[in-house]
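Here the structure is laid out as structure tokens; the discussion comes afterwards.
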Amino acid sequence: MKKTLFLVLTLALPAGAYASGAGTTAAPFLKAAMSPRAVAMAGAFSPLANDSGAVFVNPAGLAQFDNREAGVDFTNYFQDAKMGNFSYAGEIANNRFGFGVTLMNVPGIERRSNTDSVGVVPDIGSFDSNDLAVSLAYARKNVFPGALDNLDAGVTIKFIRSSIDDNNAYAFATDAGAIYHATDKMNFSLVMQNLGTGMKFEDVSDPLPLSLKTGMLYKLSPRLNLTGELGEYFRDEKFYPAFGAEYWFRDSFALRGGYKFGYDTVNLGAEVGLSLGFGLKVAGLGVDYAYLPFGDLGNIHRFGFWMQF
């Protein structure tokens, strides 16, 4: 029963992982594919997105920095479910590109047979669920010079595989994003995610969680980033406004926080939607952490490491 509860609430987290709405969508783990830095800011990261984690959130962000960077993060969700991301950003012939891998495993899901002669549904073992997404992104800075200066754009191509027991389903999808640098202190973003084929297990095909997000970044000071984002999941019929903040102390230690609206706080608790975290960086190496309170279901801790070279 607990495993079933987890599957129903899979990835229904307050900083980028969302519960299903009116529609049924496949590969919900795609909604949680982001770095701990983005998670700690309630997922309101698309207008900032200036690290390798941009490959998961807004590919246009890869054009905002020049370094090569690799990052990895991981977390344990409810009932021993595990998720991890790997991201890389680099440059080839003056073109920015990114690579990302997302993995999720839900072990020990109870298998039940048909009701027996006395009305009992016996337990006949367990099975696992595994998800994989491989992303390849391309970004370009100032794509329309002279016509619309200061506009960065990017696109991501994804291969997606989901496995439930012995059944596999596959899909391809694309993300497209843009960041407009209105001033030195203000960015605007627009991102479409998960436009692609459906995923079919045997005879049933479900669409991917198509979304459109728009965001704004305001740099109140060189150390303080304030972000806001509006996210709409069309097939799930869910709307999530969010805001986040990041403050850097001496360019080596950051405090982060945010809140995402749109969750069932009546049943899950008033703290659902809140996210907190911090980051450390020294000599091109960094550590990020995000904390997500999730009411009676428990708390989520997400850890990440990155390196620039």
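The values are calculated or read from the model by the stated rules, or taken from the named source; none is laboratory data. Note that the structure is a prediction, hence the values are computed from the model and not measured. Heads up, the Cβs are rebuilt from the backbone with ideal geometry, glycines too, and the neighbour counts pull from every protein chain shown.
Out of the stretch 284-301, which residues are acidic (Asp, Glu) and at pLDDT 90 or above?
Asp288
Condition check: under 24 Å from Ser87 (Cβ atoms) and either within 15 Å of the chain's Cα centre (by Cα) or in contact (Cβ under 8 Å) with a residue 60 or more places away in the chain (or both). Does Phe253 satisfy that?
Spelling it out, it is not the case that Phe253 is under 24 Å from Ser87 (Cβ atoms) and either within 15 Å of the chain's Cα centre (by Cα) or in contact (Cβ under 8 Å) with a residue 60 or more places away in the chain (or both).
Working carefully through the options Val72, Val106, find the one that is among the hydrophobic types (A, V, I, L, M, F, W, C), in contact with an Asp or Glu (Cβ under 9 Å, 6 or more places away or on another chain) and farther than 15 Å from Ile157 by Cα.
Only one candidate passes the filter, namely Val106.
Take the stretch 145-161 and flag every residue that is part of a loop (DSSP other than H, G, I, E, B) and surrounded by 14 or more Cβ atoms within 10 Å (Cβ to Cβ).
Asn150 - this is the single residue of the stretch 145-161 that is part of a loop (DSSP other than H, G, I, E, B) and surrounded by 14 or more Cβ atoms within 10 Å (Cβ to Cβ).
Going residue by residue through the stretch 205-212, is there one that turns out to be more than 15 Å from the chain's Cα centre (by Cα), of a type outside the set (A, V, I, L, M) and surrounded by 20 or more Cβ atoms within 10 Å (Cβ to Cβ)?
Within the stretch 205-212, one or more residues are more than 15 Å from the chain's Cα centre (by Cα), of a type outside the set (A, V, I, L, M) and surrounded by 20 or more Cβ atoms within 10 Å (Cβ to Cβ).
Mind telling me which of the residues Val287, Val272, Val266 ends up being farther than 19 Å from Met41 by Cα and β-branched (Val, Ile, Thr)?
One residue alone meets the criteria, Val266.
Can you spot a residue in the stretch 172-186 that is more than 21 Å from Tyr233 (Cα to Cα), hydrophobic (A, V, I, L, M, F, W, C) and assigned to a loop (DSSP other than H, G, I, E, B)?
For the stretch 172-186, residues more than 21 Å from Tyr233 (Cα to Cα), hydrophobic (A, V, I, L, M, F, W, C) and assigned to a loop (DSSP other than H, G, I, E, B): present.
Give just the number: which of (1) modelled with pLDDT of 95 or more; (2) among the small types (Gly, Ala, Ser); (3) over 15 Å from Asn194 (Cβ atoms) does Ser163 not satisfy?
The single condition Ser163 does not satisfy is (1).
Across the stretch 223-243, what is the total count of residues that are in contact with a strand residue (DSSP E or B) (Cβ under 8 Å, 6 or more places away or on another chain), surrounded by 20 or more Cβ atoms within 10 Å (Cβ to Cβ) and acidic (Asp, Glu)?
Final tally of qualifying residues: 1.
Residues that are modelled with pLDDT of 55 or more and under 12 Å from the mean Cα position of the chain (by Cα), at least 3 per element: which helices (runs of 4 or more DSSP H) completely within the stretch 1-61 meet that?
Correct list: 36-40, 54-57.
Got a number for residues in the stretch 134-161 being in contact with a Phe, Trp or Tyr (Cβ under 8 Å, 6 or more places away or on another chain) and of a type in the set (Gly, Ala, Ser)?
Qualifying residue count for the region: 4.
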